[in-house]
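J.: If you scroll down you'll find the structure; I have some questions about it.
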Amino acid sequence: MAVSQLIGARVQRREDPRLITGHGRFIEDRLPVGLLHMAVVRSPHPHARILRIDKGAAAAAPGVLAVLTAEDFHKQLQGVMPVTPSFVPEKKFVPDRFPIAGDESCFQGEPVAVVVATDRYLAADAAELVRVEYEPLPAVVDPEEALREGTHLAHVDGPDNIGWDMTFEGGDIEAAFARAEVRVTERILQQRLAPTPMEPRGVLADYSPYDDRLTIWLSSQNPHFIRLFISGAMGLPESRVRVVSEDVGGGFGSKISPYPEDYLVPAASRILGRPVRWIETRTESVLTTYHGRGQVFTAEAAAMRDGTLLGLRLTQVLDLGAYHGTFGAFQACACLMAGGVYRWQAIQARTIGVLTNKVPTDPYRGAGRPEGTHLCERMVDRVAQEIGMDPADLRRKNFAREFPFVNNFGLTYDSGNYDGSLDRALELVEYSSWRRRQEEARKQGRLIGIGLSTWVEICGFGPSQPTAAATGGISLVEAAQIRFLPSGSVAAYVGTHAQGQGHDTTFSQIVADTLGMPLEMVELRHGDTAEGPSFGYGTYGSRSLAVGGMALHKAAVVVRDKARNLAAHLLEASPDDLVFEQGTFAVKGDPTAHKTIQEVALAAYGPNLPTGMEHGLEAVSYFDPPNFVWPFGAHICVVEVDRDTGAVALQRYVAVDDCGNVINPMIVEGQLHGGIAQGIAQALFEEIAYDQESGLMQTGTLLDYLVPTINEIPDLTLDRTVTPSPTNELGVKGIGEAGTIASSAAVINAICDALSPLGIHHVDMPASPGRIWKLIQEAQS
């Protein structure tokens, strides 16, 4: 394959041969000499005082070296776990969170003690012998109930359960509603979800007392931030802490923030002077890995009878769980994105973060964008239904069309072609034909529905100015380093970190294409804080390509420019007289005078350099995007609902998405397949459920928490439009969260369309057969 064709080429994933043959490098694969194993004793209560912990029997158990509690860890760890300002800088009650409970446990599964032993199973057995005396306290489970005056407190010393309460004003909402000829209201549930990555969390730490250094291996999306947090807590200079995250078996946002075990394992290693490892069980994963979503919206839309959208007023009640997630307030961006792809006269959005006695929530694939899109697309369909207008026509009438487009809250959409993606999706799904078939089916008593979701996403975090305030002072730029070795191969380092996105492939395509090299000559490195730039900013918010990839491209251009100057010196020509094609610098008009970039790389380590040029051929570059990037698209779902059972059959699913210029079409399609599957999962299957009286989790295993298989996901028809972003030189946008952002609304809109002849206007997620059957029975009675 010619190198000039690498950007945009359907290159097979370089990672796959190693991963699918069982040669991945995961936390459990590391077996350092003297390894100890940690098991965590967790509170069985949603809320309780801890009166006494009896370590005796556990400490005497075979293989046990230590039983440690909060008292032991307070001697090793400083301060509390971090909470960033994120989208809500002014928080009300932010309870302190130490990595292990002392006097009070505030959610089921909160650590109260750890056991360290010579064997994983001995540690687990001994953990069963730790006797903890609890005084159960009333639990707060329902976030709306938690707001009511006089309700129980999630923390005994809390003034109330309000984590934050903030309103975003985007125009004169009263004036918009005063003009309205039509108003529709809805209560929309975003149920709690468990991320359930293929690889559960894991931490391995090895503290060296002789040079006071700590090495941590963990499954993370964000190794540099973890280094920052853990070094501070351990009282170590950041330069003496190394965090290594090799292969990561999925994250979906759940491996961005630090967890209690990320602190407890290194502290245990320092206490015992040996490497310590903890691997999460699947039950622990469902029980304690930070959940996603967990929100209730009340919304009211105002419009004219001709379909003109006027105003949107909404309140988001966000279930924080027992503690603020490190980046949990980012989910409030649902409010800022509630206007979607449309022109509104005014939007008013209030967000309330509520503390409950449940596992904390934090970003989960899409983080705020799926919630905002779902709300917006449901309300647009409700307006269309109210005025008797085709939902596709109503969307077209209100699309933003002039770019850059500034939404009601001052966010600038970089580029878009919303008509183009919708038109293509309608064509592919054969929309008019399905409407005719729907009409015939209804005459037969069958319930067929067609659902649309036209979406837009804010992603590609930075830029530095808005994100520094949201993260506590560190701008979300990205860093990359390119190093030519004397033999002509390239080592490329980037601060983002893959968990299945295919960075090793797409990033190498960018570097190889920019430098005119074969793909095989580029090695991508990431996930190790001891390599490459001094700080990396992690992978989340579909930022890797639009920020990390651009940092790599920028560094490659710097290297190429230096190589041009050196090649000109070697060829005794002016740099302006050189052309660079297929990895070769040649003098214009003289094809015999040329140097390959590999020859130039070798010369960069030799004696014949221009005056003032340093040896070596490498560069470190930071990319600070001037704006976010704004991918968009249109998804259409066709369903049939069984009137007798409430079961939903997915008949067609079409997605036309636009992520700007595409580096690797196969990678884009893979990301969309996974994202759409997760959105369908939320729409139909998945839900973390708690008993409303006791506060105990009811879905603690994968027998109860319904993760769909390939049998439940329909064939997907994918296509794309291409609207380059003006924000970066390559014109790229993110795509990793797009499928999840769009799909739940498409599915639920289709179900509601199917049920509309029965007078059913809304169905909450998950739209299980039981829930739908009950709605049908109520409607028919």
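J.: Just the number, please: carbon plus sulfur as a percent of the accessible area of segment 478-623, 1.4 Å probe, no ligands or DNA/RNA counted. Write down the numbers at each step before the final one.
T.: Details: 2770 of 5470 Å².
Taking all protein chains in place, segment 478-623 shows 51 percent carbon and sulfur surface.
J.: Straight distance only, please: which aspartates and glutamates reach the Cα of K358 with their own Cα at less than 12 Å, same-chain residues fewer than 8 apart left out?
T.: Cα-Cα hits under 12 Å: E110, D142, D319, D691.
J.: Given the peptides 147-153, 69-75, 409-415, 725-731, arrange them by the average over their residues of other C-beta atoms within 10 Å, most packed first. Working shown, then result.
T.: Numbers: 147-153: 12.4, 69-75: 15.9, 409-415: 17.7, 725-731: 20.3.
Put in order of decreasing packing, that is 725-731, 409-415, 69-75, 147-153.
J.: Taking the Cα centre of each part, how many Å lie between segment 42-58 and segment 716-743?
T.: Computed from Cα coordinates, the inter-centre distance equals 49 Å.
J.: Counting only protein heavy atoms and a 1.4 Å probe, tell me what percentage of segment 1-112's accessible area is made up of carbon and sulfur.
T.: Numbers: 2880 of 5620 Å².
In segment 1-112, the share of accessible area belonging to carbon and sulfur is 51 percent.
J.: Normalise the Cα radius of gyration of segment 368-465 by 2.2 N^0.38 Å (N = residues in it) and let me know the number.
T.: Working: Rg = 16.3 Å, N = 98, 2.2 N^0.38 = 12.6 Å.
Working it through for segment 368-465, the quotient is 1.30.
J.: Still on this structure, please answer the following. Once a ≥ b ≥ c are taken as the square roots of the eigenvalues of the Cα gyration tensor of segment 154-213, is the result rounded (a/c under 1.5), prolate (a/b larger than b/c) or oblate (a/b not larger than b/c)?
T.: Details: a/c = 3.04, a/b = 2.40, b/c = 1.27.
The shape class here is prolate.
J.: Also: Kirkwood hydrodynamic radius, segment 228-287, all distinct C-alpha pairs: what's the number in Å? It would help to have the intermediate numbers written out before the result.
T.: Working: mean 1/r = 0.0757 Å⁻¹.
Result for segment 228-287, one decimal place: 13.2 Å.
J.: Within a Cβ distance under 12 Å of Y705, other residues only, what is the Lys/Arg minus Asp/Glu net charge? Please list the in-between numbers first.
T.: Numbers: positive: R192, R282; negative: E686, E687, D704.
Charge balance near Y705 sits at -1.
J.: Something else about it: Please list 185-197, 244-256, 543-555, 159-171 highest first by mean number of surrounding beta-carbon atoms within 10 Å per residue.
T.: Working: 185-197: 19.5, 244-256: 23.2, 543-555: 28.0, 159-171: 17.9.
Ranking, from highest mean packing down: 543-555, 244-256, 185-197, 159-171.
J.: Would you mind putting 627-633, 637-643 in packing order, based on average other-beta-carbon counts within 10 Å, highest first? Please list the in-between numbers first.
T.: Working: 627-633: 27.6, 637-643: 23.7.
Those peptides, ordered most packed to least, come out 627-633, 637-643.
J.: Also, quick follow-up: Summarise the long-distance tail of P(r) for segment 402-514 by giving the % of C-alpha pairs beyond 17 Å. Kindly include the intermediate steps, with their values, before the conclusion.
T.: Values: 4783 of 6328 pairs.
Roughly 76 percent, once rounded to a whole number.
J.: I would also like to ask the following. Per q in 0.10, 0.17, 0.19 Å⁻¹, report the Debye log10 I(q)/I(0) for segment 604-709, using one uniform scatterer on each alpha carbon and no solvent.
T.: -0.61, -1.04, -1.11
J.: Roughly what percent of Cα-Cα pairs across segment 24-74 reach past 11 Å? Please list the in-between numbers first.
T.: On the way: 1028 of 1275 pairs.
Summing the P(r) of segment 24-74 above 11 Å gives 81 percent of all pairs.
J.: Something else about it: Remind me, what semi-axes does segment 478-523 give for its equivalent ellipsoid, largest first in whole Å, using sqrt of 5 times each Cα gyration tensor eigenvalue?
T.: Numbers: eigenvalues 66, 29, 15 Å².
Output for segment 478-523: semi-axes of 18, 12, 9 Å.
J.: Please report, in whole Å³, the volume per residue of the convex hull around the C-alpha atoms of segment 111-194. Kindly include the intermediate steps, with their values, before the conclusion.
T.: Values: hull volume 17.2 nm³, N = 84.
Roughly 205 Å³ of hull volume per residue.
J.: While we're here: Just how far, in whole angstrom, is segment 431-471 from segment 343-378 if you go by their alpha carbon centroids?
T.: 16 Å
J.: Over the chain, average the accessible area per residue using a 1.4 Å probe and give it in Å², no decimals. Walk me through the numbers before you get to the answer.
T.: On the way: 28350 Å² over 781 residues.
Each residue of the chain exposes 36 Å² on average to a 1.4 Å probe.
J.: In whole angstrom, how long is each semi-axis of the equivalent ellipsoid of segment 312-366, when you take the square root of 5 times every eigenvalue of its Cα gyration tensor and sort them from largest down?
T.: The equivalent ellipsoid of segment 312-366 has semi-axes of 25, 12, 7 Å.
J.: So, in Å, what gap is there between the alpha-carbon centers of segment 312-340 and segment 618-646?
T.: Segment 312-340 and segment 618-646 have Cα centres separated by 18 Å.
J.: Shifting gears a bit: What is the dipole size for segment 650-781, taken about its Cα centre, with +1 at each Lys and Arg Cβ and -1 at each Asp and Glu Cβ, in debye to the nearest 20?
T.: Details: 5 positive and 16 negative charges, 51 e Å.
Rounded to the nearest 20 debye, it is 240 debye.
J.: Go through segment 1-42 and name the trypsin sites (Lys or Arg not before Pro) that are in a DSSP coil and have 16 or fewer other Cβ atoms within 10 Å of their Cβ.
T.: Numbers: sites: R10, R13, R14, R18, R25, R30, R42; in loops: R10, R13, R14, R25, R30.
Taking segment 1-42 and a limit of 16 other Cβ atoms within 10 Å, the loop trypsin sites (Lys or Arg not before Pro) found are R10, R25, R30.
J.: Let me check I've understood the local charge: for A742, count other residues with C-beta under 10 angstrom from its C-beta, Lys and Arg +1, Asp and Glu -1. What total comes out?
T.: Numbers: positive: R369; negative: E377, E457, D657, E737.
Around A742, the charge tally is -3.
J.: Have a look at I776, I751, N728 and report the one farthest towards the positive end of the charge dipole of segment 727-781, computed about the Cα centre with Cβ charges (Lys/Arg +1, Asp/Glu -1).
T.: I776
J.: If you split all Cα-Cα distances of segment 522-586 into 10 Å bins from zero, what percentages do you get per bin, shortest first?
T.: 17, 38, 23, 19, 3
J.: Cα-based Rg (one decimal) and Dmax (whole number) for segment 478-623, in Å?
T.: Reported Rg and Dmax, both Å: 15.6, 48.
J.: If you roll a 1.4 angstrom probe over the protein chains with everything in place, what fraction of the accessible area of segment 154-304 belongs to carbon and sulfur, to the nearest %?
T.: Numbers: 2310 of 4550 Å².
Ligands and nucleic acids excluded, carbon and sulfur reach 51 percent.
J.: For F405, which sequence-distant residues (separation of 5 or more, or a different chain) have an amide H within less than 5 Å of its own amide H, given hydrogens modelled in the peptide plane?
T.: Distant-sequence amide H within range of F405: Y413.
J.: What translational D, rounded to a whole number of µm²/s, comes out for the chain from Stokes-Einstein when the hydrodynamic radius is the Kirkwood one over Cα pairs, at 4 °C and 1.567 mPa s? Numbers along the way, then the final one.
T.: Numbers: Rh = 27.7 Å.
Calculated translational D: 47 µm²/s.
J.: Among F507, F327, what's the order by accessible area (1.4 angstrom probe), most exposed first? Mind showing how you got there, number by number?
T.: On the way: F507 0, F327 25 Å².
So, going from the largest accessible area down, we get F327, F507.
The values are calculated or read from the model by the stated rules, or taken from the named source; none is laboratory data. Here the structure is a predicted model, which is why all the values come from computation and not from measurement. Methodologically, a virtual Cβ is constructed for each residue, glycine included, from the backbone with ideal geometry; neighbour enumeration extends over all protein chains shown. Ligands, DNA and RNA are excluded from the accessible area calculation, which covers all protein heavy atoms including side chains. Shrake-Rupley method; radii C 1.70, N 1.55, O 1.52, S 1.80 Å.
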